[in-house]
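The values are calculated or read from the model by the stated rules, or taken from the named source; none is laboratory data. A quick note: this is a predicted structure, and the numbers were derived from the prediction, not measured. Positions of Cβ are generated from backbone atoms using ideal geometry, with glycine treated the same way; all protein chains shown enter the neighbour counts.
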Amino acid sequence: MNTSKDGIMKVLHVGNLASVGYYLVRGLRRIGVDAELFDWRNTNIIAREEVDWIHGPTGKLTDKYALKSLKIGDYDIIHLHYLHSDYNVVQSLKHISRAGNPVKFVHSHDSINDGTRNFLPMLKSAVVRFGARAVFFSTPNILDNISHFPQKKIFLPNPVDTRLFSPTDSNVIMDRMLCWVKLDPMKGYEIVADAMKLAPDIGFDVPEVGELVPIFKGHLPRNMRFIKPVAHFDAPKLLAQYPVVLEQFIVGAFGMSGLEAMACAKPVISYWKEGNDSFYPEPCPVVSARTPEEIVAAISETLPEFRKIGQASREWVQKYHSAENVAKRLLVEYETALD
């Protein structure tokens, strides 16, 4: 295996979308890999952790010189996380492409919508020129979006810190549900709002964050209320107060929010496409719903069994999404590429 001078594999992840880069790097480090992270956005999740393996721009978000200051050629692996419309991806691709030594991977985090579809041909061309060995994707619904890329596609489940996200003792508010995603257009909040109207006796709490907040503020359903966003590390305490968590209802899979809720032993209701379970050795215990009527029915059916479903959800996440287990799967791919 081709590794750095000290015999330890040296890896750089570029980008921290949904904190996936952070958890993969930390998981790799726990199993002995010299892994580092360049986070374009200096996201809040890592603001509390002062370590020498996290890098980022010191000034403007688009400060490409911060990335250039890293000696890219000294790494064995470069792992680039991207969104289709992300300006920083272009900056990263331009710089890293000039470093001929590292084996390169890209990691797709995007679902296609009207706002990103036009970026596909340009991104495909850039990724091909970049020389990526393979394209990772972490939710089943993304595979269709990268099907035309010539590289090998590898499913790598999103990593979850199951030590941080674990069951916490709390009094559960049985008549209130938590909608645990941003109020953004692709999350399906219009569907949830219609479900709220069909279930006037159930309360719904929604974090006050996302593009649609101003719209919803003027037309809040009576049984919906905004709650203040909490820091990532405080999320388990908030999740503990609710019997059931609602996630997203358009793209056909749930993201990190749903996984972290499941890790806290909470049942998650979300739109889970038929066929997603084929990516796992055993079916996901998510409660699938897509329409307002299905969401209301799912809540009624889940509440009496919420502890049982929640425990099954945590066990599933521990098996297939714990950061350490995912890091071990990733290391196998790295070692294969370097052999």
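Quick notes on this one:
One line per residue, one yes/no per condition, for (1) under 25 Å from the mean Cα position of the chain (by Cα); (2) β-branched (Val, Ile, Thr); (3) in a loop (DSSP other than H, G, I, E, B):
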site	(1), (2), (3)
Val172	no, yes, yes
Leu183	yes, no, yes
Val192	yes, yes, no
Lys197	no, no, no
Val206	yes, yes, no
Gly210	yes, no, yes
Pro221	no, no, yes
Arg225	no, no, no
Pro229	yes, no, yes
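- Test: Lys328 is at pLDDT 95 or above and in the same structural domain as Ile78 (by TED's automatic domain parsing): yes
Condition check ((1) out of contact with any Leu (no Cβ under 8 Å at 6 or more places or on another chain); (2) surrounded by 18 or more Cβ atoms within 10 Å (Cβ to Cβ); (3) modelled with pLDDT of 85 or more) across all residues:
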residue: Asn2; (1), (2), (3): no, no, no
residue: Met9; (1), (2), (3): no, yes, yes
residue: Ser19; (1), (2), (3): yes, yes, yes
residue: Ala47; (1), (2), (3): yes, no, no
residue: Gly59; (1), (2), (3): yes, no, no
residue: Lys68; (1), (2), (3): yes, no, no
residue: His81; (1), (2), (3): no, yes, yes
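- Every condition in (1) within 18 Å of Ser138 (Cβ to Cβ); (2) of a type in the set (D, E, K, R); (3) buried (at least 23 other Cβ atoms within 10 Å of the Cβ) is met by Lys266 except one, and the failing one is (1).
- For region 135-143, the count of residues that are closer than 21 Å to Tyr75 by Cβ, surrounded by fewer than 16 Cβ atoms within 10 Å (Cβ to Cβ), at pLDDT 70 or above and not assigned by TED's automatic domain parsing to the domain that holds Gly275 is zero.
- Leu198 vs. criteria surrounded by fewer than 18 Cβ atoms within 10 Å (Cβ to Cβ), in contact (Cβ under 8 Å) with a residue 60 or more places away in the chain and under 21 Å from Tyr271 (Cβ atoms): yes
- Odd one out for Gln318, checked against (1) of a type outside the set (Asp, Glu); (2) more than 22 Å from Phe165 (Cα to Cα); (3) at pLDDT 95 or above: (2)
- Options Leu303, Leu338, Leu330; residue that is within 30 Å of Ile78 (Cβ to Cβ), among the hydrophobic types (A, V, I, L, M, F, W, C) and surrounded by 16 or more Cβ atoms within 10 Å (Cβ to Cβ): Leu330
- With respect to the conditions (1) within 22 Å of Pro167 (Cα to Cα); (2) assigned to a helix (DSSP H, G or I), Cys284 lacks only one, and its number is (2).
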